[in-house]
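> Can you keep this structure in mind? I'll have questions shortly.
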Amino acid sequence: MADKGISYCVDGPVSIISINKAKTLNSMSGDDYIKLAELVDKADNEPKTFFTLLQSCGSFFSSGADFVSITEPSKSNSGESELKKWLDNFLSRNSYVTSVFIRHRKILICCLNGPAVGLSAALCALCDIVYAMNDKVYLRFPFVELGLVMEGGTSVTLPLKLGNNKTMETILFNKNLTYDELKGTIVTRNYDMTDTQEFNQRVINDLKNRANNVYLPSILGIKKLISINYKDNVQRANSVETSDAITSWVNGEPQRRFKILKTKLRKHKV
Ligand code: CO8
């Protein structure tokens, strides 16, 4: 199937955002993350939308930041400082995308058809509800491997949802959060299916059926009340996370490590 980037449609009370980049396991360039954020905002402003659904394709939900776009960022203007370059290519993008997810007013649901890595996993942790296709899903936050710190609000969302000690063990030692660990914390239902398209459609049908039995404005009111408890903390964390990371980007540590990762992935195939 040809990769079609990121698409958007509305089906009754549901706005559906689909990532279609199966060739690279749905990796996301900086521009892809901005497009995703724009579509999440579009759903927020859709008067008849109550649920915003994030869906993907193939075997992975998303392999995170695309290492090609990180190792070959948009050309800097001559004379532009490294600081200016990474404020544009990292801080402003990362902070904007995360902020759009935090302030979203509709019920944000992730259809986790497979593993999610890095910023994509962080965005998944920002969702109100996460459904797993089966028990093969996992979340991976390889921040220590890549010379990064927590991002996408994870310094608040992971301790909130998993507890402090579990978050420390997982992030500091670069472990996957397996389905067993996600169950009941971030993931609330396992559909126990194998076909991504069928899984995605099942979730849409289930939501439409459920929407028939509730007074929809109430669910948005409830989300607003629950998110008051943590929203400001995540916004503050987003700002601190991105400004703390900028020194590493200016020094070039993540870029060096992304290059090594790219070479390693190539080598293991030879
Ligand atoms: N970017 C680009 N291409 C990728 C990526 C990626 N992140 N991940 C996988 N691919 C490509 C591979 O190169 C490969 O392409 P090809 O077939 O042409 O060689 C194809 O997808 C399939 O990948 P694999 O063969 O490696 O598949 P495996 O099942 O063996 O492994 C893994 C899957 C474990 C996901 C492995 O591919 C991997 O480790 N990928 C890198 C994941 C990663 O570390 N992502 C970055 C996370 S950090 C992050 O998101 C925060 C960044 C902050 C900056 C944001 C700026 C806006």
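FYI, it's all coordinate maths here, none of it is from the lab. From a predicted model like this one, the values you see are computed outputs, not experimental measurements. As a convention, Cβ positions derive from the backbone with ideal geometry for all residues, glycine included, and neighbour counts pool all protein chains shown.
> Can you sort I228, I6, I186 from fewest to most other Cβ atoms within 10 Å of each residue's own Cβ?
Fewest to most other Cβ atoms nearby, the residues stand as I228, I6, I186.
> Of V130, V149, V187, how do they rank once you tally other Cβ atoms within 10 Å and put the fewest first?
Listing V130, V149, V187 from fewest to most nearby Cβ atoms yields V149, V187, V130.
> Sticking with this structure for a sec: Which shape class applies to the range 156-270: rounded if a/c is under 1.5, otherwise prolate when a/b exceeds b/c and oblate if not, where a ≥ b ≥ c are the square roots of the Cα gyration tensor eigenvalues?
Taking the square roots of the gyration eigenvalues as a ≥ b ≥ c, the range 156-270 is oblate.
> Subtract the Cα-Cα distance of E253 and D31 from 0.36 nm times their separation in residues, and report this length gain in nm to one decimal.
77.7 nm
> Want the number for Y96 to E72: 0.36 nm per residue separation, take away the alpha-carbon distance, what's left?
6.5 nm
> First select every other residue whose beta carbon is under 14 angstrom from the beta carbon of M133; then total the charges, Lys and Arg +1, Asp and Glu -1.
Spelling it out: positives minus negatives among the neighbours equals -1.
> Helix 231-251 sits at what angle to the longest principal axis of the chain, using alpha carbons and giving 0 to 90 degrees rounded to 10?
That helix lies at roughly 20 degrees to the long axis.
> Under a plain spin-label model, where a point goes 7 Å from the Cα along Cα-to-Cβ, how far apart in nm are E80 and N164?
With each label placed 7 Å out from Cα toward Cβ, I get 4.1 nm.
> Averaging sequence separations of C-alpha pairs under 8 Å and six or more residues apart, then dividing by the length of the range 125-195, give the relative contact order as a whole percent.
55 percent
> When C57, C111 are ordered from fewest to most other Cβ atoms inside 10 Å of their Cβ, what list results?
Taking fewest neighbouring Cβ atoms as first place, the list is C57, C111.
> First select every other residue whose beta carbon is under 15 angstrom from the beta carbon of K231; then total the charges, Lys and Arg +1, Asp and Glu -1.
Neighbourhood net charge equals +4.
> Is the range 51-127 rounded, prolate or oblate when judged by the Cα gyration tensor, a ≥ b ≥ c being the square roots of its eigenvalues, rounded requiring a/c under 1.5 and prolate requiring a/b larger than b/c?
It is oblate, given that a/c is not under 1.5 and a/b is not larger than b/c.
> Remind me, relative contact order of the chain in percent, using alpha carbon pairs under 8 angstrom and six or more residues apart?
20 percent
> OK, next. Determine the calculated [θ] at 222 nm for the chain from helices alone, applying -39500 (n - 2.57) to every DSSP H run no shorter than 4 residues and normalising by the residue count; nearest 500 deg cm²/dmol.
-15000 deg cm²/dmol
> With a ≥ b ≥ c taken as the square roots of the eigenvalues of the C-alpha gyration tensor of the range 173-231, please select rounded if a/c is under 1.5 and otherwise prolate if a/b is larger than b/c or oblate if it is not?
oblate
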